[in-house]
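J.: Have a look at the structure that comes next, please.
The values are calculated or read from the model by the stated rules, or taken from the named source; none is laboratory data. Every value quoted in this text rests on a predicted model; they were computed, and no experiment measured them. Every residue, glycine as well, gets a Cβ built from its backbone with ideal geometry; the counts of neighbours run over all protein chains shown.
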Amino acid sequence: MVDSDSSEEAALWRWVADYAARYRSSLGERPVASQVDSETVASKLRELESLPNEGTSALACVEELVALAEPGITAMSGPRFAGWVVGGTLPAALAADWLTATWDQNAGVGEGAPAATAFENAALAWVVALLRLPKAVKGTLVTGAMSANFSCLAAARGHLLEAVGWDVQQRGLFGAPALRVIVGHERHETIDKAVRLLGLGKQALTCVEVDGQGRLRASVLARELERCAEPVVVCAQAGNVNSGAFDGLEEVAESVSRHRERRGPGSVWMHVDGAFGLWARAAESRAPELAALCRGAERADSWATDAHKVLNVPYDCGIALCREARSLRRAMETGGAYLESGQPRTTFNSGLLSPELSRRARGFALWAALRQLGQSGVSELVARYAENARSFAHALTGSVGLRVLNDVCFNQVVVLAEPQAGVDPAAWTTRVVQALQTEGTCYATPSSWHGRPVIRFSFCNASTTREDARRMAEALRRVIEGEAAR
Ligand SMILES: Cc1ncc(COP(=O)(O)O)c(C=O)c1O
């Protein structure tokens, strides 16, 4: 049923805005974990056995949606959510995201959506400047860092094969010259997935040993490159998903430069997966020691990052950046006379660099987040994540049964929950994580690091305060004591 009455529509928007305001203001104190699991939500949904024949009013539909969904909503954008690497939501970015849906622009059509095109370009130019990358760098907004890694590696594949006389866009990969991808042992899994999706296969990966924090050993990389006769992509990482550690990017870039001198300009491509870590570069004015962690990243050929983690733009805001737009454009080329808008092209269409055709107009929310914060706000935000991570780790010092395993250099804290004698470490960690989530003060997620089950805390939310970090440490200690006493 379509609502034709505009006052009914207006009531709907007011209802949603009121609900959203109530939800957002509850985030500081509501239990972080959802009240129910997905099967409980699913069983409620099954009560409506099949799609009813008759529709309903939009307002009734949305009220029903909220009633059914709300118990299964995790307060991911709340201040004490520290699972995975999940950012919160800046008010201006959320509002812009609502407007994005309201305007419903297809950002794949360039001049057909002039504002979407211009805002995406403008926001990307701000990102390039904030991350202190070469001015000519161009990019595109994709769904997330996974897609950004995929897009950048597609550009790398085409560029390297072209340099040895193989046009992968025309000829595909059957019979193509071999291509290698050198990664650290602790690269993010999305690199492997991108390599698989690009038809290179996991066997194309050469894994280089890492140090105790998960940083690729630059001397081992240098030796690998000396032996490497094939075209090669070197994938470095800014921000290890467990420890937050950064590969020594300056040394990686040096090895890449030497390889290029030895084997020619098209022999090697350096990519940086900086999903969250690349933003350390934006902290230069407030915390130069954080920016220094990422020194050398500017020498890469491509960068994958996103704005939905560190920058707190709502989800669906990956960023793929390339030193030369041409390689990305060639990899993503698509055609169709029907795609023209009929208007002359006036600006660059970053949709042409994207693996998608129809695309959400992601530039509005990204632009709004940056405009709300300004340069100093971004710098302060990044520095605050690191301060919160440090103060959380510090608050755990001396706690019985808990040990921080990583050097807390950025926003990630890896905690070992030490089991009592005779208790299986994996089972104990799971028990502690579940009890912590049930307790409700905060939310962290399990992982495995250097063969040990651990609990990860990621500080990635603009609304998190020092007091939140203290409460999180206190909750973890309380839970450990409670579980140990059971
Ligand atoms: C280093 C790194 N790369 C890639 C990703 C994937 O990001 P997304 O979930 O935005 O696709 C992550 C996610 O945490 C990450 O930490």
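J.: With the requirement that a residue be part of a loop (DSSP other than H, G, I, E, B) and surrounded by fewer than 23 Cβ atoms within 10 Å (Cβ to Cβ), what does the range 79-112 give you? Outline the logic, then answer.
T.: Narrowing the range 79-112 to residues part of a loop (DSSP other than H, G, I, E, B): 79-80, 82-90, 104-109.
Once the filter is applied, which keeps residues that are part of a loop (DSSP other than H, G, I, E, B) and surrounded by fewer than 23 Cβ atoms within 10 Å (Cβ to Cβ), the range 79-112 yields Gly83, Trp84, Val86, Asp104, Gln105, Asn106, Gly108, Val109.
J.: Can you find a residue that is more than 23 Å from Leu353 (Cα to Cα) and either within 16 Å of the ligand (Cβ to nearest atom) or free of Cβ contacts under 8 Å to residues at least 40 places away in the same chain (or both) anywhere in the range 166-174?
T.: Initial filter on the range 166-174 (more than 23 Å from Leu353 (Cα to Cα)): 174.
In the following step, the residues that additionally are either within 16 Å of the ligand (Cβ to nearest atom) or free of Cβ contacts under 8 Å to residues at least 40 places away in the same chain (or both) were identified as 174.
For the range 166-174, residues more than 23 Å from Leu353 (Cα to Cα) and either within 16 Å of the ligand (Cβ to nearest atom) or free of Cβ contacts under 8 Å to residues at least 40 places away in the same chain (or both): present.
J.: Do you know which residues across the range 309-363 are assigned to a helix (DSSP H, G or I) and surrounded by fewer than 24 Cβ atoms within 10 Å (Cβ to Cβ)?
T.: If we filter the range 309-363 for residues that are assigned to a helix (DSSP H, G or I), which is where we start, we get 325-332, 337-339, 350-353, 363.
Matches in the range 309-363: Ala325, Arg326, Ser327, Arg329, Arg330, Ala331, Met332, Ala337, Tyr338, Leu339, Leu352.
J.: Being more than 29 Å from the chain's Cα centre (by Cα) and either surrounded by 11 or more Cβ atoms within 10 Å (Cβ to Cβ) or in contact (Cβ under 8 Å) with a residue 60 or more places away in the chain (or both) narrows it down to one residue among Leu48, Leu12, Leu68, Leu27; which is it? Talk me through it step by step, then tell me what you get.
T.: On the way: Leu48 fails: either surrounded by 11 or more Cβ atoms within 10 Å (Cβ to Cβ) or in contact (Cβ under 8 Å) with a residue 60 or more places away in the chain (or both); Leu68 fails: more than 29 Å from the chain's Cα centre (by Cα); Leu27 fails: more than 29 Å from the chain's Cα centre (by Cα).
Answer to the check: Leu12.
J.: Here's something else I'd like to know. Return yes or no: is His271 within 16 Å of the ligand (Cβ to nearest atom), assigned to a loop (DSSP other than H, G, I, E, B) and either acidic (Asp, Glu) or under 18 Å from the mean Cα position of the chain (by Cα) (or both)? Outline the logic, then answer.
T.: Numbers: within 16 Å of the ligand (Cβ to nearest atom): yes; assigned to a loop (DSSP other than H, G, I, E, B): no; either acidic (Asp, Glu) or under 18 Å from the mean Cα position of the chain (by Cα) (or both): yes.
In short, no.
J.: What residue, of Ala145, Ala154, Ala82, is in contact (Cβ under 8 Å) with a residue 40 or more places away in the chain, within 16 Å of the ligand (Cβ to nearest atom), outside the structural domain of Ala365 (by TED's automatic domain parsing) and out of contact with any Lys or Arg (no Cβ under 6 Å at 6 or more places or on another chain)? Spell out how you get there, then give the answer.
T.: Numbers: Ala145 fails: outside the structural domain of Ala365 (by TED's automatic domain parsing); Ala154 fails: outside the structural domain of Ala365 (by TED's automatic domain parsing).
Just a single option satisfies the conditions, and that option is Ala82.
J.: Something else now. Residues that are under 23 Å from Thr140 (Cα atoms): which helices (runs of 4 or more DSSP H) entirely in the range 150-255 hold 3 or more of them? Step through it out loud before you land on a result.
T.: Values: elements: 168-171, 189-197, 218-227.
In the range 150-255, the matching helices (runs of 4 or more DSSP H) lie at 189-197.
J.: Does Ala473 satisfy the criteria of being touching a helix residue (DSSP H, G or I) at 6+ places or on another chain (Cβ under 9 Å) and outside any strand (DSSP E or B)?
T.: Values: touching a helix residue (DSSP H, G or I) at 6+ places or on another chain (Cβ under 9 Å): yes; outside any strand (DSSP E or B): yes.
So Ala473 passes the test.
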